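**Student:** Below is a structure I'd like to ask you about.
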């Protein structure tokens, strides 16, 4: 993901007097997430950080706190809040639980849950836990999910099926956006919608073979056009004669995504160029540009994530 800071917002209790931290944190949560009443198990030792930013039509937040807490979305909070959205919430490090309209559910590390800003709920979060949340506007959800209300308060299992892919995606996007907002944020928002659709509204088996064909066709188009620095889902969808949303849905059903397909194709092309003795005079930056990367640092970062080596290290290892 080619990232730059655009609208990242951050809060921290560092420097806030101990007696003021609970009020400060409650206000930060109300601004970045949802108006709530929060009780802490150890307010005297409470420290926390919150980062929040927008990507596409969505907002993403990441919170880290040392003290356990109960977060209540009460009727008073609901009536006082103007937000009309869902929150897709997951947690890292320790099990947690949620009480919603469907009842109380226990959640394991990396499990997720869909919450509705218009309904009451409680989150029970233990000490030293990270919470990742993506705010999903109601109209955006209606464009992707059939009968989303039916899934509010249900456990999204991080250990099986499409649920595991969705949970991992939510956490990865939250971690990435907690540092910087990616340039391809709108594409990521569409991919999230496609994954949510596959999780909440599983596709019929009949669609799977069709999606696999679309994925193969998309790979062919990406292979032909990956050198174009600005290439994106809209270009490939246009080549295939379908909408961007339809493309994302087919790719998700086939078990891939537009960003993954593009990254894999570019990295494979870069590896071939780095291995070629005839191209050893080309710099790493030039090879990155020829493979569609505007920014050499993004090329190096993505190459290392894929191969566990920098482009320079890969070249030296293969040209010995």
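We did not get these values from a lab; they are worked out from the coordinates using the rules stated. Bear in mind that the values here come from a model prediction, so they are computed numbers and not experimental data. With ideal geometry, Cβ positions are generated from the backbone for all residues, glycine too; neighbour counts draw on all protein chains shown.
**Student:** According to the square roots a ≥ b ≥ c of the eigenvalues of the Cα gyration tensor, what is the shape class of region 56-102, taking rounded for a/c under 1.5, prolate for a/b larger than b/c otherwise, and oblate for the remainder?
**Tutor:** oblate
**Student:** Please state the shape class of region 9-182: rounded when a/c is under 1.5, otherwise prolate if a/b exceeds b/c and oblate if not, all from the C-alpha gyration tensor.
**Tutor:** rounded
**Student:** Set the Förster radius R0 to 30 Å, insert the Cβ-Cβ distance between residue 305 and residue 12 as r into 1/(1 + (r/R0)^6), and round the FRET efficiency to 0.05.
**Tutor:** So the FRET efficiency works out to roughly 0.60.
**Student:** Using the number of other C-beta atoms within 10 angstrom as an exposure proxy, rank 281, 74 with the fewest first.
**Tutor:** 281, 74
**Student:** Give the order of 238, 51 when sorted by the count of other beta carbons within 10 angstrom, beginning with the fewest.
**Tutor:** In order of increasing Cβ crowding within 10 Å: 238, 51.
**Student:** Quote the FRET efficiency, to the nearest 0.05, computed for residue 296 versus residue 243 with a Förster distance R0 of 30 Å and r equal to the Cβ-Cβ distance.
**Tutor:** It comes to 0.35.
**Student:** When every alpha-carbon pair in region 203-320 is counted, what percent end up more than 25 Å apart?
**Tutor:** 31
**Student:** Under a plain spin-label model, where a point goes 7 Å from the Cα along Cα-to-Cβ, how far apart in nm are residue 37 and residue 93?
**Tutor:** 2.6
**Student:** Starting from the Cα of residue 281, step 7 Å along the direction of its Cβ; do the same at residue 155; then give the gap between the two resulting points in nm.
**Tutor:** 6.3
**Student:** Still on this model: Figure the gain on full extension for residue 313 and residue 172 (residue separation times 0.36 nm, minus the Cα-Cα span) and round it to one decimal in nm.
**Tutor:** Once the chain is fully extended between residue 313 and residue 172, it gains 48.1 nm.
**Student:** Moving on. For a paramagnetic label modelled at 7 Å from the Cα of residue 101 toward its Cβ, which residues of region 38-79 fall within the zone defined by backbone nitrogen distances under 14 Å?
**Tutor:** The answer is 75, whose backbone nitrogens lie closer than 14 Å to the label point.
**Student:** On to the next question. Which whole-number percentage describes the relative contact order of the chain, with Cα contacts under 8 Å and a sequence gap of 6 or more? Kindly include the intermediate steps, with their values, before the conclusion.
**Tutor:** Numbers: 591 pairs, mean separation 49.7, N = 320.
So the answer I get is 16 percent.
**Student:** Mark the label point 7 Å from the Cα of residue 224 along Cα→Cβ and return the residues of region 239-277 whose backbone N is within less than 14 Å of it.
**Tutor:** 239-242
**Student:** Based on a Kirkwood Rh over C-alpha pairs, give the Stokes-Einstein translational diffusion coefficient of region 49-145 at 20 °C and viscosity 1.002 mPa s in µm²/s.
**Tutor:** 153
**Student:** The list (i) 21.2; (ii) 22.6; (iii) 20.7 gives values of Kirkwood radius over Cα pairs in Å, and only one came from this structure; which label was calculated from it?
**Tutor:** (i)
**Student:** Could I ask something else about it? What FRET efficiency comes out for the pair residue 235/residue 74, r = Cβ-Cβ distance, R0 = 41 Å, nearest 0.05?
**Tutor:** 0.30
**Student:** Relative contact order of region 9-182: what whole-number percent is it, with Cα pairs under 8 angstrom and at least 6 residues apart?
**Tutor:** 23
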